[in-house]
Amino acid sequence: MALAKLLEGKIVADRIKDKLKASVLSLKQAPVLASILVGDDPSAMAYVKSQAKIATSLGITYNLHQLAESISEDELIDFVLKLNADVSVNGIIVQIPLPQDINYMKVCEFILPNKDVEGMHPTNIGKVLFGRVRIVACTANAVMELLSFTGIDLYGKEVVVVGHSEIVGKPLALLLLEKFATVTVCHIGTSKAGKLEEHVRRAEILIVAVGKAGLIKGDWIKEGAIVIDVGINRVGDKIVGDVEFATAAKRASWITPVPGGVGPLTVAILMRNLIEAAQAQ
Ligand code: NAD
């Protein structure tokens, strides 16, 4: 079989960004994104840098608030409350990882739902459950955009999601159900029960968000499947996903490269959420 087509996030992200530039111009003021970074984790710092660059290119004001690693959860929540009260701030994002004694989901509960551009406030997560998909977790939404780009009709398709985190797997499963896909969500329990391979082999669409290089063997991929690899793993000096790319690409119809698949799109969707929040405010 021919090699799979590459599902590159940049192409989809560029289309979204072109539309966003026009939306920013139609706003009375440049929208403001407040980004909270606790400490100096290198991966978070790199992510912040790329967010700032993209924001600036779109005419968005990106205000980085770098806070000391020693900050307590209560102090961080107070900081969020101040940003909530600041009418010049349209959106708030809390970068992860946070120090171990700070609970990310708890902090997110204090962000005003209409400034929660990552879709992590319980109100926004709850709206996804009811199919009211306004502000949705960026990575899950990025996966939906990539699927839409392939032109596939999700109705009745066998979709297997590996990973059930709050930021990716769970919201994604809800978005897929909204499109009437048949969704199986696998996780560590599935692997421990020795059943991961049998689920993956059935998948017409496979989405993996675990963070373990080589977890999904290339020869498990169903012929013609669409494979979206969300995982980011550093192996030596390389970044790889969770799926064995070379062998999977011989069986899939579409596959995301890592890096270059989901990642570039996630930031574009964050900016889209911000602009939609600013418009709604
Ligand atoms: P997480 O640690 O919160 O969740 C990991 C999930 O994987 C859990 O559901 C867990 O049960 C499951 N899991 C762990 N070991 C497993 C195994 N052996 N078999 C099956 N399932 C297993 O992770 P997360 O925050 O959702 O991130 C997952 C990956 O996606 C990471 O590599 C992260 O860097 C990446 N990520 C990428 C983007 C992007 O924009 N590209 C965004 C978010 C996360």
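Would you check if there is a residue in the stretch 169-185 being open to solvent by less than 60 Å² (accessible area, probe 1.4 Å) and farther than 20 Å from THR139 by Cα? Looking for residues that are open to solvent by less than 60 Å² (accessible area, probe 1.4 Å) and farther than 20 Å from THR139 by Cα, one finds none in the stretch 169-185, hence no. The lone criterion from (1) within 11 Å of the ligand (Cβ to nearest atom); (2) of a type outside the set (S, T, N, Q); (3) open to solvent by 10 Å² or more (accessible area, probe 1.4 Å) left unmet by LYS238 is number (1). Count of the stretch 1-42 residues, restricted to those that are in a helix (DSSP H, G or I), touching a residue at least 40 places away in the same chain (Cβ under 8 Å) and not charged (D, E, K, R), is 8. Looking at VAL210, VAL133, just one residue is open to solvent by 20 Å² or more (accessible area, probe 1.4 Å), under 17 Å from the mean Cα position of the chain (by Cα) and away from the ligand (no atom under 16 Å from the Cβ), and that residue is VAL133.
Looking only at residues that are polar (S, T, N, Q) and either under 15 Å from PRO264 (Cβ atoms) or within 16 Å of the ligand (Cβ to nearest atom) (or both) in the stretch 139-165, which one is surrounded by the fewest Cβ atoms within 10 Å (Cβ to Cβ)? This residue is SER165. In the stretch 186-203, which residues are out of contact with any helix residue (DSSP H, G or I) (no Cβ under 6 Å at 6 or more places or on another chain) and either open to solvent by 10 Å² or more (accessible area, probe 1.4 Å) or without any contact (Cβ under 8 Å) to a residue 12 or more places away in the chain (or both)? Scanning the stretch 186-203 gives HIS187, ILE188, GLY189, SER191, LYS192, ALA193, GLY194, LYS195, GLU198, HIS199, ARG202.
So which residues in the stretch 87-112 are in contact (Cβ under 8 Å) with a residue 24 or more places away in the chain and open to solvent by less than 10 Å² (accessible area, probe 1.4 Å)? Show your work before the answer.
First, the residues of the stretch 87-112 that are in contact (Cβ under 8 Å) with a residue 24 or more places away in the chain: 88-99, 101-103, 105-107, 110-112.
Listed by number, the residues that qualify are VAL89, GLY91, ILE92, ILE93, VAL94, GLN95, VAL107, ILE111.
The values are calculated or read from the model by the stated rules, or taken from the named source; none is laboratory data. Keep in mind that this is a model prediction, so the values were computed, not measured. Every residue, glycine as well, gets a Cβ built from its backbone with ideal geometry; the counts of neighbours run over all protein chains shown. Please note that ligands, DNA and RNA were not included when accessible areas were found on the heavy atoms of the full protein model with its side chains. Shrake-Rupley method; radii C 1.70, N 1.55, O 1.52, S 1.80 Å.
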